[in-house]
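*Asks:* Take this structure, written in structure tokens, and hold onto it; I'll ask about it next.
The values are calculated or read from the model by the stated rules, or taken from the named source; none is laboratory data. Since this is a predicted model, take the numbers as computed values, not measurements. For neighbour counting, all protein chains shown are included, and Cβ atoms are generated from backbone atoms with ideal geometry for every residue, glycine included. The area values use the complete protein model at the heavy-atom level, side chains included, leaving out ligands, DNA and RNA. Shrake-Rupley method; radii C 1.70, N 1.55, O 1.52, S 1.80 Å.
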Amino acid sequence: MNLTYYGHACFGVETKGVHLLFDPFITGNELASQIDVDAIPADYILLTHGHQDHVLDAERIARRTGAKIVSNFEIVSWYGAKGIEGHPMNHGGKWQFDFGTVKYVSAIHSSVLPDGTYGGNPGGFVVWNEEGCFYHAGDTALTMDMQLVPKTCPKLDFCMLPIGDNFTMGTEEAVLAAGFVQCEKVIACHFDTFGYIRVDHEEVKKAFSDAGKSVILPEIGEVITFE
Ligand code: NI
Ligand code: MN
């Protein structure tokens, strides 16, 4: 699996020749100005919740690529009304796609779409196939439900956790979350994009290493390969 970080909570994951894109927020992110939103590949766009900083560029990318939206029922219905196809899910449910299995799991947060439409309950995703298994937590507080992930999914090879605090859990909780989901390779997200969520990178790395874990704070545009 190849992972590309596009900033904030947006990741591309290429697996079995299929491009999954999570929470595209590029054109609104000053830090991601070097990323060409019209060059990002996508076969599926997975949206954790309806907030602008997670869905801003989903419509634009879906119209160009024909990618399907995968999210909760409310968000998929909202895109459906715009003529964009999708696959609706809800918490605790999983579905076998052509690239592998997707499970929509709990997150503690809120979810409203950019025009004020109710965006259902926010979630995270666990995705797995023969190449590996990973968890994108979305925007969330630390929650005991994370302990269910390793009980209901294959062993995680990596996970994306928000660390920016204020709107989501912060670093200390992300360290605990990595333990709850039993994952050794943490890729941090939802940090530095705006003032409320700026973090000291060295402090974040120290908090993880003090707990015997490692964390990657990816550069925007960075590609990470998982064997
Ligand atoms: Ni949010
Ligand atoms: Mn957010």
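*Asks:* Looking at the stretch 135-159, which of the residues that are under 20 Å from P88 (Cα atoms) and assigned to a strand (DSSP E or B) is farthest from ligand 2 (Cβ to nearest atom)?
*Replies:* The selected residue is Y135.
Yes/no per residue for (1) open to solvent by less than 20 Å² (accessible area, probe 1.4 Å); (2) at pLDDT 95 or above; (3) within 15 Å of ligand 1 (Cβ to nearest atom):
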| residue | (1), (2), (3) |
| --- | --- |
| Q34 | no, yes, no |
| L56 | no, yes, yes |
| T65 | no, yes, no |
| I69 | yes, yes, no |
| E74 | no, yes, yes |
| G86 | no, yes, no |
| V102 | yes, yes, no |
| L113 | yes, yes, yes |
| P122 | yes, yes, yes |
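*Asks:* Sticking with this structure for a sec: Determine, yes or no, whether H87 is in contact with a strand residue (DSSP E or B) (Cβ under 8 Å, 6 or more places away or on another chain) and either aliphatic (A, V, I, L, M) or not in a helix (DSSP H, G or I) (or both).
*Replies:* On the way: in contact with a strand residue (DSSP E or B) (Cβ under 8 Å, 6 or more places away or on another chain): yes; either aliphatic (A, V, I, L, M) or not in a helix (DSSP H, G or I) (or both): yes.
Considered against the rule, which asks whether it is in contact with a strand residue (DSSP E or B) (Cβ under 8 Å, 6 or more places away or on another chain) and either aliphatic (A, V, I, L, M) or not in a helix (DSSP H, G or I) (or both), H87 comes out as yes.
*Asks:* Go through the stretch 33-56 residue by residue and tally those that are over 24 Å from T101 (Cβ atoms), more than 14 Å from ligand 2 (Cβ to nearest atom) and in contact with a Phe, Trp or Tyr (Cβ under 9 Å, 6 or more places away or on another chain). Break it down into steps so the answer makes sense when it comes.
*Replies:* As a first pass, look at the stretch 33-56 and keep what is over 24 Å from T101 (Cβ atoms): 33-39, 51-53, 56.
Right, trim to more than 14 Å from ligand 2 (Cβ to nearest atom) and you get 33-39.
After this cut, where a residue has to be in contact with a Phe, Trp or Tyr (Cβ under 9 Å, 6 or more places away or on another chain) as well, the list is 35, 37.
Qualifying residue count, the stretch 33-56: 2.
*Asks:* Now for a separate question. Going by what's in this entry, would T15 be described as open to solvent by less than 50 Å² (accessible area, probe 1.4 Å), of a type outside the set (A, V, I, L, M, F, W, C), more than 16 Å from ligand 2 (Cβ to nearest atom) and in contact (Cβ under 8 Å) with a residue 12 or more places away in the chain?
*Replies:* Working: open to solvent by less than 50 Å² (accessible area, probe 1.4 Å): yes; of a type outside the set (A, V, I, L, M, F, W, C): yes; more than 16 Å from ligand 2 (Cβ to nearest atom): yes; in contact (Cβ under 8 Å) with a residue 12 or more places away in the chain: yes.
So T15 fits the description; yes.
*Asks:* Within the stretch 50-61, can one find any residue that is closer than 17 Å to D38 by Cα and acidic (D, E)?
*Replies:* yes
*Asks:* Scan Y118, Y196 and give me the residue that is hydroxyl-bearing (S, T, Y), modelled with pLDDT of 95 or more and within 16 Å of ligand 2 (Cβ to nearest atom).
*Replies:* Working: Y118 fails: within 16 Å of ligand 2 (Cβ to nearest atom).
After ruling out the rest, the residue left standing is Y196.
*Asks:* Can E227 be described as under 14 Å from D157 (Cα atoms) and either under 18 Å from the mean Cα position of the chain (by Cα) or surrounded by 14 or more Cβ atoms within 10 Å (Cβ to Cβ) (or both)? Steps first, answer last, please.
*Replies:* Working: under 14 Å from D157 (Cα atoms): yes; either under 18 Å from the mean Cα position of the chain (by Cα) or surrounded by 14 or more Cβ atoms within 10 Å (Cβ to Cβ) (or both): no.
No; evaluated as a whole, the condition is false for this residue.
*Asks:* Examine the stretch 153-165 for a residue that is among the β-branched types (V, I, T), buried (at least 22 other Cβ atoms within 10 Å of the Cβ) and away from ligand 1 (no atom under 16 Å from the Cβ), and state whether such a residue exists. Please lay out each step first, then the result.
*Replies:* Residues of the stretch 153-165 that are among the β-branched types (V, I, T), as a first pass: 163.
Applying the additional criterion that residues be buried (at least 22 other Cβ atoms within 10 Å of the Cβ) yields 163.
So of that shortlist, the ones also away from ligand 1 (no atom under 16 Å from the Cβ) come out as none.
Within the stretch 153-165, none of the residues are among the β-branched types (V, I, T), buried (at least 22 other Cβ atoms within 10 Å of the Cβ) and away from ligand 1 (no atom under 16 Å from the Cβ).
*Asks:* Of the conditions (1) modelled with pLDDT of 95 or more; (2) open to solvent by 70 Å² or more (accessible area, probe 1.4 Å); (3) assigned to a loop (DSSP other than H, G, I, E, B), I220 fails just one. Which one is it?
*Replies:* (2)
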